[in-house]
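These notes are about the structure you will find just below.
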Amino acid sequence: MLAKWTIFDYVDPVDGNLFMQWSARLQKKERAKLNQRLDSLAIHGPGLIPGILSPTGTPSIFKLKIHGKVQLRPLLCEGPGRGEDAFTLLLGAFEISNDYVPKGAPLMAARMRECLIKDVRRRVLHERVS
Amino acid sequence: MSELVDKLRPEFQDEEYRHAYAEECLNTMIATQIKVLREQREMTQSTLASCAEMLQPRLSVMESADYSSWSVNTLKRLARAFDLALSVKFEAFSDVVLDFEEMSRDSLSRPSFNDDPLFRSAKVNTHRSFRRRGYSEADRQTAQGLQMEIRFLGQLVEFPNHTSRDNSGYSPNQDRGGADEACVGVAG
């Protein structure tokens, strides 16, 4: 079955693909869980699997909740192009003691989304870290 | 060919990686199937929770991709509430990945005992894809359509002076009784 949804990574003009760099620092087991969740999203989209996307409280910014020794909270948005079946991974984050690391991660992700809306070249197809 | 298997082939050479990935597939598939089965039966979370003797907030937590604390006892209670049998099996990684990739509402739906085709009729299509769904409104419509088609064909081959069963050995209605069984197969 072909992936129905396209996953992109946000690219910072100075630091490059921050999401890929964050993924590369994860332990193998965490990376496996992250990749499974991203495959779920690419194959099945947001409609079939319950709770695959969780709201963050910041408009248009969602998180994937991945449990383990470390609580992964990758932040992403739908699109952001209108009508495109795509998600863009904006920022890799953790949740520690009910707080995001880095602090204020959803707001940072929202700013990245705004930058992406202004300049669509600020994203690349998701670069998977195995 | 599976695009996902191709992607996972090199990654799964690592034991820790493949076990972590497969565990996430399991969690995702259980949560999704509970929701699909609940909606198939038009049950609310409260109704299902009550049937399974648990509280609705607990069910809500379980109906989420990130839930991982499954117990066989809890799953048995849910199976009972759905009027389904619980099957726990060990699988090859390839089966888990392919099942996950092909997962859909249809593939996860299951008929309750009263809609289980094998227990409704002696002659039935035993193909898994049909058994999974049981009878649906679409199947019933297909059945009616097929019956009409058989009757129509019967009229076409009928001889002009034909009254009832003639020497040709064919009666336009002789298969009517079998049409119900045939349509069961078509529906699959």
field: Test item: B:64-71 mean partner chain Cβ contacts at 10 Å
entry: 5
- request: Give me the distance between the Cα centres of the range A:31-48 and the range B:1-43, rounded to whole Å.
  value: 9 Å
query: For the range A:49-57, what does the Karplus curve 6.51 cos²θ - 1.76 cosθ + 1.60, with θ = phi - 60°, yield as ³J(HN,Hα) per residue in whole Hz, taken in order and with x for Gly and Pro?
result: 8, x, x, 5, 10, 10, x, 10, x
statement: Once the in-chain neighbours fewer than 8 apart are removed, the aspartates and glutamates whose Cα is under 14 Å from A:K69 read A:E30, A:E95, B:D66
message: Show me the GluC sites (Glu not before Pro) within the range B:27-61 that DSSP assigns to loop and that have at most 14 other Cβ atoms within 10 Å of their Cβ.
response: B:E42, B:E53
- prompt: Hey, got the average number of other protein chain Cβ atoms within 10 angstrom for residues in A:31-42?
  reply: 6
query: Farthest toward the dipole's positive end in the range B:3-110, which of B:L8, B:A92, B:M29, given Cβ charges of +1 (Lys, Arg) and -1 (Asp, Glu) about the Cα centre?
result: B:M29
message: Compute for the range A:6-125: radius of gyration divided by Kirkwood radius, i.e. Rg/Rh, restricted to C-alpha atoms, rounded to two decimals.
response: 0.93
- request: Report, in debye and to the nearest 20, how large the dipole of chain A comes out about its Cα centre when Lys and Arg carry +1 and Asp and Glu carry -1 on their Cβ.
  value: 300 debye
query: When only DSSP loop residues count, what trypsin sites (Lys or Arg not before Pro) in the range A:10-60 have their Cβ near at most 16 other Cβ atoms within 10 Å?
result: A:R25
query: Which of the lysines could a cross-linker bridge to A:K63, judged by Cα under 30 Å and excluding same-chain residues fewer than eight apart?
result: A:K4, A:K28, A:K29, A:K33, A:K103, A:K118, B:K7, B:K35
task: Please state, rounded to one decimal and in Å, the Kirkwood hydrodynamic radius that the range B:3-110 gives when every pair of distinct Cα atoms enters the mean of 1/r.
output: 14.9 Å
Per DSSP, loop trypsin sites (Lys or Arg not before Pro) in the range B:77-123 with at most 15 further Cβ within 10 Å: B:K89, B:R120, B:K123
- prompt: Contour minus end-to-end for B:S68 and B:E102, with contour as 0.36 nm per residue of separation and end-to-end as the Cα-Cα distance?
  reply: 10.1 nm
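Here, each number is a calculation from the coordinates, and none is a lab measurement. Small disclaimer: the values here were computed from a predicted structure and weren't measured. For neighbour counting, all protein chains shown are included, and Cβ atoms are generated from backbone atoms with ideal geometry for every residue, glycine included.
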